[in-house]
Amino acid sequence: MATSTTSTESSRPSLRERKPSTSSPISDFTTAVGPAGMTRPKHKRTVTGFGPGEIKSVEASVPESQREAWRKFSAKEFKTTEEFEAEVVRHIETTLARSLFNCDEAAAYAGTALALRDRLIIEWNRTQQQQTFADPKRVYYLSLEFLMGRALDNAILNVGMKDVAEKGLAELGFRMEDVISQERDAALGNGGLGRLAACFLDSLATLNYPAWGYALRYRYGIFRQEIVDGYQVEVPDYWLDFNPWEFPRHDVTVDIQFYGSVRKYRDDSGKQISVWENGEIVKAVAYDAPIPGYGTRTTNNLRLWSSKASHGEFDFTKFNAGEYEASVADQQRAETISAVLYPNDSLDRGKELRLKQQYFWCAASLFDIVRRFKKSKKAWKEFPNQVAIQLNDTHPTLAIPELMRILLDLEGLEWDEAWQITQMTFGYTNHTVMPEALEKWSVPLVQHLLPRHLQLIYDINFQFLQFVERSFPKEREMLGRVSIIEESEPKRVRMAYLAVIGSHKVNGVAELHSDLVRTTIFKDFVRIYGPDKFTNVTNGITPRRWLHQANPRLSALIASKLGGHEFLRDLNLLHKIEAYVDDKEFRKEFQAIKFANKKRLADYTKEVQGITVDPHSLFDIQVKRIHEYKRQQLNIFGVIHRYLELKEMSPEDRKKVQPRVSFFGGKAAPGYWMAKMVIHLINQVGKVVNNDKDIGDLLKVVFLEDYNVSKAEIITPASDISEHISTAGTEASGTSNMKFVLNGGLIIGTCDGANIEITREVGEDNIFLFGNLSEDVDDLRHHHFYGDFQLDPSLKRVFDTIRSGTFGDSGPFTGLVDSIVDHGDYYLVSDDFKSYIDTQKLIDEAYKDQDAWLTKTITAVSRMGFFSSDRCIDEYAEMIWNVEPLPPPKENGA
């Protein structure tokens, strides 16, 4: 409020002389405007901000005295240890209502996180204001998963305050690592898809690209995994009990419509109008999380949507009528939309909920993106010049018909213009070439849930098929192959085809994968659109989290040789450490760091799993989503084979064997029975092997339950060998392979995904490849059914041992074994088993020569510069998005 003054002219202070702004007209009012005592019209603030043009005139309308007061008391970032401690103590005492006498590690974490969050939000506000003023083209990354991990350590490192915070916490009586361990992982993802998205957000901010991420705010995550009697049990992940990193935006809401019907009529000009009416409305509420870049003040935004009943949580009328459960039923039904990531879709209701989730998220995000664009007052033809939307897999494909609905039904554009805008706006990243993994929704379900969108999908398909028929008049059979609508029973909507047709660029995520995209699942579309529409961007990882944060001693060693941490912004600088591969001191420290990381994992295994492992053993690790194509079953069959060989040896022969610990980790989808049986087999084998006194430390089997990002930060630096053994041609890229090699571990892998490019970079001598090639897969599968299928004798012995009950009741494992023996062995476990076992023997021999092994690991680390997510983002920006960085302005005095 402006300060009160008397209304007489003589007592009014003279107006401060102001220089006219060149960009917005200023009027010098000589008399009071509005009620007495108001020297300026009161600025009405809005919750969602202004466009770049409005904000300048709005700023000018705020009286100088108010602007001065605001500037004087604006929040400032802490920069010293003393200022950090003051912020932490203030939050502990006033936000948490704790004191010196009852501040435990959880309260210390909360105070630290809130102090750092305040600092981030200052930079976040500056970034958003700068982007609003500059009005650049923005990137909007739509991903159903963002596997963020813990935020505190990452944020402290990115803003360069680790030493300040460490010293400040020590002076307050706490250890940094104990405080960091109090944080729960953000449960917004499950596998590589979500972790890639999180790495991309980090790189987008670090490289100063104006970008937003959009996802759902899952109340219970995917699930927290517990192992009970060797079986996976899913329990809710209550990660939101305390989450200081999010900001509820109860003022940013969107009404999302489901069900209902479509009414069509012609207006006075004869134009056909479609109106989607009736049905159910659910409210989307925005929650924002700041994403800080490394070594920059740019702080981008991750916006998450939470679902609520449109008319409130509670129906008083029903409650007063004694219908107590019904009084909250609408709220409960609405909240299920954002309750869980990937609800079990083995039931029809689960399928409907998944589709509902996807549309809810796409519609809310599109509304937000369009609202932001419309503030610029630009013509619709400028939309693709201001907005780049990247679809991370097929989950957000409904954004394509949703944008068409907005442009046609709400904004009144003609079809051709709306479609051109839509195509130029979207890019689509494909993550799988397995036909069974490409999403398809039944037409009756889409008709029931989203009637207007089904009409639009049919219209898009009709226009596309007409174009195909004109281009290939003699190839009628092509129309059925490329149609968005699959003529099955019931008919299905092929979401991947809709994504290809509705985007201007389609990319794979590794060279082999992109070749397979062009030559298998989308080969007809390459003929229709030409090869230029399809490109490759090999995946990468952020070195800030996966080296600097996960392995600080290795990061410090590299920095000591390269003269600083600049390699964290330009990972190609790693090649310089190859010059130290024969440096005795460097080698000694590198080896000591690896052993310390193995010791840390061994301690964690003892503490959490109760299993004692020897850090001098070879640590063999496979941690990733449990799926048949990733072939954890091949790994555990290999472990059983090793166990049987050890049992047959004499005590003297056993002394010559390389001790090994096989670590597994990962979650199986709740409805994926076969993957759950793999977990059960691993645990049953571990129970037998780990308690066999004849074997002792020669072989241990550990399943690390509830695998997540923070556990990966302990596991990844500890590996000697990591397993990336998918059936050739099934893994799009993989990124855990990159993380393990960057941390000084070698790979055993198939010629699949990014393993091929890693081999090219690190050299064939520094990786262990095995198995059949992707071009042979189809012939081998055919041979399984129509040829003379012979099981490898060693694998047959493994199966006989399982059936004999050595690892407990063999009943649960019957399906797992039969899928290989009797049902075609789709993932070629039998074909690759001998090659896999032989390669494992080569690894044992190579590991015995520790000097040569150390040379391999140092060389491999030095050659990993290509696999930075910063390189990926620059490639997306140049080839697909056409966006430029927007560096933050230099600070005063800088």
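Annotations
- For segment 86-160, relative contact order (Cα pairs under 8 Å, six or more residues apart, normalised by length) works out to 28 percent.
- Cα-based helix-to-principal-axis angle, 673-689 vs the chain, degrees rounded to 10: 50 degrees
- Quarter of the Cα convex hull surface for the chain, i.e. its orientation-mean projected area (nm²): 46.1 nm²
- Residue ranges 237-245, 658-666 sort as 658-666, 237-245 when ordered by packing (mean number of other C-beta atoms within 10 Å per residue, highest first).
- Between helix 105-134 and the chain: long-axis angle, C-alpha atoms, 0 to 90°, nearest 10: 60 degrees
- Counting every C-alpha pair in segment 665-773, the share spaced more than 23 angstrom apart comes to 40%.
- Spacing of the two label points (7 Å from each Cα toward its C-beta) at Tyr259 and Asp582, in nm: 7.6 nm
- Label zone at Ser560, where the point sits 7 Å out along the Cα-to-Cβ direction: segment 569-612 residues whose backbone N lies under 13 Å: 584-594
- Mean Cα-pair separation over length for the chain, i.e. relative contact order, pairs under 8 Å, 6 or more apart, %: 12 percent
- Segment 539-617: C-alpha pair distances exceeding 15 Å, %: 63 percent
- Calculated FRET value between Glu845 and His823, using beta carbons and R₀ = 41 Å, to 0.05: 0.70
- Area projected by the alpha carbon convex hull of segment 177-246, averaged over all directions, nm²: 6.6 nm²
- Listed peptides 465-472, 714-721 by packing density, highest first (mean Cβ within 10 Å): 714-721, 465-472
- Taking segment 425-494 and dividing mean pair separation by its residue count, relative contact order in percent (alpha carbons under 8 Å, at least six apart): 39 percent
- Kirkwood radius, segment 735-811, all distinct C-alpha pairs, inverse of mean reciprocal distance: 15.6 Å.
- Glu477-His783 FRET efficiency (beta carbon distance; Förster radius 45 Å; 0.05 resolution): 0.95
- Secondary structure note: in the chain, about 45% of the DSSP beta bridges are antiparallel.
- The chain: calculated mean residue ellipticity at 222 nm from DSSP helix runs of at least 4, using -39500 (n - 2.57): -13000 deg cm²/dmol
- Note on Lys491: lysines with a C-alpha under 22 Å away, same-chain residues under 8 apart excluded, are Lys351, Lys356, Lys440.
- Rolling a 1.4 Å probe across the protein heavy atoms gives the chain an accessible surface of 42 Å² per residue.
- Calculated SAXS-style log₁₀ I(q)/I(0) at q = 0.09, 0.18 Å⁻¹ - segment 761-863, Debye, Cα scatterers: -0.36, -0.93
- Label-point separation, Asn125 to Arg67 (7 Å along Cα→Cβ), nm: 1.6 nm
- Restraint check, Lys76/Lys890; Lys505/Lys630; Lys656/Lys841, Cα-Cα greater than 18 Å: Lys505/Lys630
- If R0 is taken as 56 Å, the Cβ-Cβ distance between Glu652 and Glu226 corresponds to a FRET efficiency of 0.85.
- Between Asp809 and Ile273, the simple spin-label model (points 7 angstrom out along Cα→Cβ) gives 6.5 nm.
- Three-way shape label, segment 605-666, alpha-carbon gyration tensor, a/c 1.5: oblate
- The long axis of helix 552-562 is offset from the longest Cα principal axis of the chain by roughly 80 degrees.
- Values of log10 I(q)/I(0), in the order q = 0.11 Å⁻¹, for segment 151-288 under a Debye, Cα-only, solvent-free model: -0.69
- Computed Kirkwood radius, in angstrom, where 1/r is averaged over Cα pairs of segment 248-363: 17.0 Å
- P(r) tail, segment 282-434: Cα-Cα pairs separated by more than 18 Å, 69% of all pairs.
- Length added when fully stretched, Glu82-Ala852, from 0.36 nm per residue minus Cα-Cα: 272.4 nm
The values are calculated or read from the model by the stated rules, or taken from the named source; none is laboratory data. Just so it is clear, the structure is predicted and the values come from calculations on it, not from any experiment. All Cβ positions, even for glycine, are placed from backbone atoms using ideal geometry, and neighbour counts span all protein chains on display. Please note that ligands, DNA and RNA were not included when accessible areas were found on the heavy atoms of the full protein model with its side chains. Shrake-Rupley method; radii C 1.70, N 1.55, O 1.52, S 1.80 Å.
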